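No value in this document is a laboratory result; all are computed from the given coordinates. For clarity, every value in this text was computed on a predicted model and none was experimentally measured. Reconstructed Cβ throughout: ideal geometry from the backbone, glycine too, with neighbour counts over all protein chains shown.
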Amino acid sequence: MISLFFAQIQGLDPLEGSEVLVAQNVFFALIALVMVLAALKMVTTENIVHAALYLVIVLAGAAGMFILLGAEFIAVTQILVYIGAIIVLFLFGIMLTKGSFGAEEGEFRERSQMAVLVAVLIVTVTSGAFIDSFRNTELSREMPSTTAEIGDMIFSQFIIPFEAISVLLLAALIGSVVIARRDQ
Amino acid sequence: MLLNQFLILSAVLFAIGVYGVLTRRNGVMVLMSIELILNSVNINLVAFAAFREAISGEVFALFVIAVAAAEVGVGLAMVLLLYRNRRNIDLAGIDSMKG
């Protein structure tokens, strides 16, 4: 079965330039559709564990977008940090605070119409500005960025922000332990 | 691929995240919506990095991921403290600093 599959792939001709573009657009449309639907389900579902799982779909879709944009290192970091660590943290948070929120208690505030208005305004204003500024601008990256380039950049031009981030992570680590521990 | 398709996707995700922050009452859900917002910003940064063929946008996206991890850690610690003191995490009930 699998060997048949590989034989099929090896029999295919490599894609031409325009075919690559079409394939990229098809994958973009698929991933974008899945991401938007999952995000909508995430903010509207009553079950918070399901919301965390929908968030996984959105984050995985974002990793796919990064790969489409030729940023492989960011995509891998996204999967490692977000899906590997942050989602687990969220699931622990949901577990430790479980039972505090009944589903029938009414998750939603009354201000939901106002929130819809704000969201629609954000989309229309920003999309209008984007369409006005970058009407038909094509992305013209020839080669994907390599991890070595990113490493060079971090340790030369961005060395001070990098050190600041490491101090911030240390501060957040100590701060969350101090906030969450039981005794004084 | 057009630059705009990525930018508009990230605008839509950002708006959905803002909607979540404004409507949900559960503290953990609000934190998850903030993650959605930060993630849409990351898509924007990487799209512009690809557009300008400059790598600094991607480096900045990495920094955003690190800050998001720190933010979730502190935020969930605060939600846990809230749960321990009040036995629920309903954000509509937190009004002790209301004037």
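So how do A:Lys98, A:Lys41, B:Lys98 line up by other beta-carbon neighbours within 10 Å, fewest first?
Details: A:Lys98 11, A:Lys41 16, B:Lys98 5.
In increasing order of surrounding Cβ atoms, one gets B:Lys98, A:Lys98, A:Lys41.
Length gain on complete extension for the stretch A:Ser112 to A:Glu16, per 0.36 nm per residue less the alpha carbon to alpha carbon distance? All intermediate terms of the calculation are to be shown ahead of the outcome.
Numbers: separation 96, 0.36 × 96 = 34.56 nm, distance 4.84 nm.
Computed gain between A:Ser112 and A:Glu16 is 29.7 nm.
If you put +1 on each Lys and Arg Cβ and -1 on each Asp and Glu Cβ, how big is the dipole of chain B around its Cα centre, in Debye rounded to 20?
On the way: 7 positive and 6 negative charges, 96 e Å.
Dipole magnitude for chain B comes out near 460 debye.
In nanometres, what is the gap between the two model label sites at A:Val36 and A:Phe155, each 7 Å from Cα along Cα-to-Cβ?
In this crude spin-label approximation the distance works out to 4.2 nm.
Projecting each Cα onto the charge dipole of the protein assembly as shown (Lys/Arg +1, Asp/Glu -1 at the beta carbon, about the Cα centre), which of B:Phe6, A:Met95, B:Asn85 comes out farthest on the positive side?
My answer, from the dipole projection, is B:Asn85.
What distance in nm separates the simple spin-label points at B:Arg84 and A:Asn25, each placed 7 Å from Cα in the Cβ direction?
Rounded to a tenth, the inter-label distance reads 5.6 nm.
Among A:Ala115, A:Thr126, A:Ser145, which residue has its Cα furthest toward the positive end of the charge dipole of the stretch A:111-155, with +1 on Lys/Arg Cβ and -1 on Asp/Glu Cβ?
Going by the charge dipole, the pick is A:Ala115.
What dipole magnitude, in Debye to the nearest 20, does the protein assembly as shown give about its Cα centre under +1 on Lys/Arg Cβ and -1 on Asp/Glu Cβ? Write out the running numbers ahead of the final one.
On the way: 15 positive and 22 negative charges, 246 e Å.
With Lys and Arg at +1 and Asp and Glu at -1, about 1180 debye.
For a Förster distance of 25 Å, can you work out the FRET efficiency between the beta-carbons of A:Met95 and A:Phe162, rounded to the nearest 0.05? Mind showing how you got there, number by number?
Details: r = 34 Å, r/R0 = 1.34.
About 0.15, to the nearest 0.05.
Sticking with the crude label model, points 7 Å out along Cα→Cβ, report the distance from A:Ala129 to A:Ile79 in nm, one decimal please.
Going by the 7 Å Cα→Cβ label model, 3.4 nm.
Would you please put B:31-37, B:54-60 in order of how densely packed they are, using the mean number of other Cβ atoms within 10 angstrom per residue and starting with the highest?
On the way: B:31-37: 23.6, B:54-60: 20.1.
Highest-to-lowest ranking by the protection proxy: B:31-37, B:54-60.
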